[in-house]
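Data first, discussion second: the structure below is written as structure tokens.
Taken together, the values in this text are just the output of simple stated rules run on the coordinates, not laboratory data. Keep in mind the model is a prediction, meaning the values are calculated, not measured. Here the Cβ positions follow ideal geometry from the backbone for every residue, glycine too, while neighbour counts run over all protein chains shown.
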Amino acid sequence: MKSRSPQGVHYETLAASASHHIDLQTGAVIPAIQPSTTFARDEQYNLINPAHGYARDKSPTYLIAEQVLADLENAAECRLFSSGMAAIASVIQALGSGGHVLVPDSFYWGVFSWLKSYSASSGLKVSTYANADSASLASVLDELKQAGDSPGLVWVETPSNPFLYVTDIAEAAQNAHAAGAMLCVDSTAATPVLTRPLDLGADLVVHSATKYLNGHGDALVGAVLTNGDNSLWQSVAEQRAMAGSVPGSLEAWLLTRGLRTLFLRVRQCCSNTLAIAEWLEQQSMVDKVNYPGLSTHQHHAIARQQMQGGFGGLLSFELKADKVATLKFVGALRLIVSATSLGGTETLIEHRASVEPPETGVPENQLRLAVGIEQVDDLIEDFQQAFDTTFGT
Ligand SMILES: Cc1ncc(COP(=O)(O)O)c(C=O)c1O
């Protein structure tokens, strides 16, 4: 992965300076929030600024965050949405009625669950392949082609929730393109700090910008990015302008603010997570740790090749315990907060089996950890006291 952007400076610099969006009228270094939903016309009925007529289409505040994010992902285009789910829904809905999407058999439950209800009402066809398994992806695509039922889109989430599978994006892109499909990557957990899917051949990238990109747990935002003028993108952009699933100006501004520290936060999350993963692996009450940074992880080799400078801030681990003892362990934590989500500054732990149905196969002794930027010794001490209290270790 290249460290310098086509603009000549490093990607860290583009993020830290929010791509130099200095307000030329005031000289302000930090961009202002523009809350106006509408923009005036002059005596000749021309828009005073031709770029802006109504904020559902474009707003100066979204445009700044979209530009910074596009620069970081090496994308030509970016559109913000009101949430990660709204961004994802816009891509899937762009397939149109009678569309067909090929998804992994294990990924973020929210998308899986929405696809189930949306496909029932819309006629969208959903097929599955074994997550992060290129041979399975190729053979399912082949079978569908033989049956004259090729999908328009292949979906990848890497690293994936909550097992942290890592997909080889370049290989997935080759397989998808050979079958005439496009590839969309949910890169929420990787962020452009670690992986830039468009450079690896993906056609579209989506983010729950609610997570690392904003990074402070205080704004719900989504994003879709592309570097080509493909048909799905045209529909995504058109639907965003017309159906208007846009974020508020404050949320877009908070995203730009968060992006300024993205590299520092993600790198601290990565180093904390690796230290915790290695420590957890040594604990007598831990059965298994899922983290692509561990040499024991089944996708460590591709993670090393594809993820630059770290393996992300998410891990999951399984205790040698039943559901009751697993929940008791979570309840014994003092510093680590028991809550859903990821990508903030504080560490969150979640018992996914309590929120997902049994069909997703998440074990009842599994906990997902979204590591923050705290001093890692404090997090490990919190785990140690919870092990002692719960299991008398
Ligand atoms: C990988 C991934 N994609 C998408 C989403 C949905 O994002 P949002 O909560 O912003 O709608 C999430 C939320 O947890 C997620 O983890």
When the chain is modelled as a GNM with alpha-carbon springs shorter than 10 Å, which of PRO104, PRO192, PRO358 fluctuates the most?
PRO358
Low-density loop cleavage sites - GluC sites (Glu not before Pro) in region 1-76, where at most 16 other Cβ are within 10 Å (DSSP)
GLU43
For ALA16 paired with GLU143, estimate the spin-label separation in nm (one decimal), with each label point 7 Å from Cα along the Cα-to-Cβ line.
5.1
For region 91-103, Karplus couplings with θ = phi - 60° (6.51, -1.76, 1.60), whole Hz, Gly/Pro x:
5, 5, 5, 5, 5, x, 5, x, x, 9, 10, 10, 10
Which residue, SER284, THR296, VAL376, has the largest displacement toward the positive end of the dipole of region 262-391 when charges sit on each Cβ (Lys, Arg +1; Asp, Glu -1)?
THR296
Mind listing the phi-derived Karplus ³J(HN,Hα) values for region 258-271, rounded to whole Hz, using 6.51, -1.76 and 1.60 with θ = phi - 60°, and x for any glycine or proline?
x, 4, 4, 10, 3, 5, 4, 5, 5, 5, 5, 4, 5, 6
Two-site FRET efficiency, GLN375 against ALA32, from Cβ-Cβ distance with R₀ of 25 Å, rounded to 0.05:
0.10
Trypsin sites (Lys or Arg not before Pro) within region 286-393: DSSP coil, no more than 14 neighbouring Cβ in 10 Å:
LYS320, ARG334
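When the dipole is taken about the Cα centre of the chain, and only Lys, Arg (+1) and Asp, Glu (-1) are charged at their Cβ, what size is it in debye, to the nearest 20?
Around 400 debye, computed over the chain.
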Inter-part gap, Cα centre of region 152-225 to Cα centre of region 318-333, in whole angstrom, is 32
Kindly flag which residue pairs out of LYS211/LYS328; LYS116/LYS211; LYS145/LYS288; LYS125/LYS323; LYS2/LYS125; LYS2/LYS145 have an alpha-carbon separation exceeding 29 Å in this structure.
LYS145/LYS288; LYS125/LYS323; LYS2/LYS125; LYS2/LYS145
Length-normalised contact order of the chain, Cα under 8 Å, at least 6 apart, in percent, tallies to 16
Using the per-residue mean of other Cβ atoms lying within 10 Å as a proxy for protection, in what order, highest first, do the peptides 25-35, 274-284, 201-211, 251-261 fall?
201-211, 251-261, 274-284, 25-35
Taking amide hydrogens as modeled 1.01 Å from N in the peptide plane, which residues meet the under 5 Å criterion relative to LEU153, leaving out close sequence neighbours?
HIS100, LEU102, MET182
